[in-house]
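Presented below is the structure to which this report refers.
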Amino acid sequence: MRTLLDKITAGVPVRVLSATFALGLAGGTVFWLAGAPLGMLIGALITVAAAAAFGLRLFGSLPKVPLRWRDVLVPVIGLAIGASVPPDALAQAAGWWVSLLALLVFVPVLHWAGYMTYRRLGRLDPVTAFYAAMPGGFIEALSMGERAGAEPQMLVTLQFTRIVLCIIAVPMAFALVTGQAVGSGSGLVLPGQENGLDPGEALALLVMGALGWWGAVRLGMPAPVLIGPLAVSGAAHAFGLIHAAPPQWAILVTQWVIGTSLGTRFAGMERRRLWLALRLAALYVAVAMALAVAIGLTLAGPVGESVPAVILAFAPGGISEMSLVAVSLQIGAVFVTLHHLLRIVLAVVCARLGQRWLPTGRRPGTEEPGEGPRG
């Protein structure tokens, strides 16, 4: 029994897990009750991240959540997006080719801009700067970067901070611009939630989520935990086989778990390096969002989507997190997810093509002579 529990918790003491999630729930509840955009997600993330970064100890341990725990609830996002797929989804997607082609320019331009920012302002070595600047493919960036000799901690911090800043900045910016509460704090009802959820529909959603996840893993699809359930749910809803969607409380729980999990990633990082990464990543995200806004204003009409939907489709956050933002804000979730999926694929392809020009044989954790990081 003890061995099974250790496997489930990945060796993290239950009381540390409980305290970490309680901390996230407290912060998320405060933000949610205050009507903040994606309050449960952002509140949990900020609260736990601050506690982790400043070394708060919970029963003698820093806040911690097993990395894979968030995957258990990510299918909820896929099922919710699938519930919004209309019968004419393919016809609508045919009109998105302009924005999908725009990604072919957006991804390499942002990668280059990020690389120059990290090299010139952060004084990072070329290998770390190159992989940290990848505008997508978090796991792939870490894997390729570490093999090439990047500085592991700075690479992880910059890539992760990019995602976190997008999660926080995008919904808050939308709320400021529109002057309205958005997401879970707005009282909006997602498609399929109008009439509640009976036991048969709940079981059907669970089966679709499990089968979609399993099938996507077997097929080697990117982001299988999200894309598989989305594909199965989307097909079922488009053909009218089911009309239900995950209830609002499930979306809130998903926000809570993902926000808490992301916040723990700031634990144990050197304070000086963390502030450097935050400054660099903030500049990177600012450049990315400026490009996204320009694209949104230009292409919203041609693709038949709202300006916020196009902007969100080009925001360089994680696919699961950006899709959750789209679901919670009810902004073209299928449109947004498809673009983020292509962004990740293009980011990995561009990195593989560009890595041939990088210097080789570097030792992880080293920097070029005379180019120590600015404080």
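The values are calculated or read from the model by the stated rules, or taken from the named source; none is laboratory data. All of these numbers come straight from a predicted model, not from anything done at the bench. Cβ coordinates were reconstructed from backbone atoms using ideal geometry, including for glycine residues, and neighbour counts include every protein chain displayed.
Among the residues making up segment 348-371, a single one is modelled with pLDDT of 50 or more and of a type in the set (Ser, Thr, Tyr): 360.
Restricted to segment 249-291, and to residues there that are of a type in the set (Gly, Ala, Ser) and free of Cβ contacts under 8 Å to residues at least 40 places away in the same chain, the residue that is farthest from residue 99 (Cα to Cα) is 286. Are any residues in segment 86-111 of a type outside the set (Gly, Ala, Ser) and either on the phi > 0 side of the Ramachandran plot or more than 21 Å from the chain's Cα centre (by Cα) (or both), and if so, which ones? Hits for segment 86-111 are 86, 87, 88, 90, 92, 96, 97, 98, 101, 105. Scanning segment 108-129 for residues that are in contact with a Lys or Arg (Cβ under 8 Å, 6 or more places away or on another chain), assigned to a loop (DSSP other than H, G, I, E, B) and within 16 Å of residue 278 (Cα to Cα) turns up 121, 122, 123. Of the residues making up segment 221-239, those that are assigned to a loop (DSSP other than H, G, I, E, B) and either at pLDDT below 85 or buried (at least 23 other Cβ atoms within 10 Å of the Cβ) (or both) are 221, 222, 223. For segment 211-220, a residue qualifies if it is under 18 Å from residue 342 (Cβ atoms) and crowded, with 16+ Cβ neighbours inside 10 Å, and exactly one does: 216.
Scanning segment 240-281 for residues that are assigned to a helix (DSSP H, G or I), over 20 Å from residue 38 (Cα atoms) and modelled with pLDDT of 85 or more returns 275, 276, 277, 278, 279, 280, 281.
Only residues that are over 19 Å from residue 346 (Cβ atoms), at pLDDT 85 or above and outside any loop (DSSP other than H, G, I, E, B) were counted in segment 130-156, giving 3. A single member of 292, 277, 286, 313 is in contact with a His (Cβ under 6 Å, 6 or more places away or on another chain) and within 22 Å of residue 141 (Cβ to Cβ), and it is 313. Could you check, for segment 5-16, whether at least one of its residues is modelled with pLDDT under 90 and under 15 Å from residue 254 (Cα atoms)? Checked segment 5-16: no residue is modelled with pLDDT under 90 and under 15 Å from residue 254 (Cα atoms).
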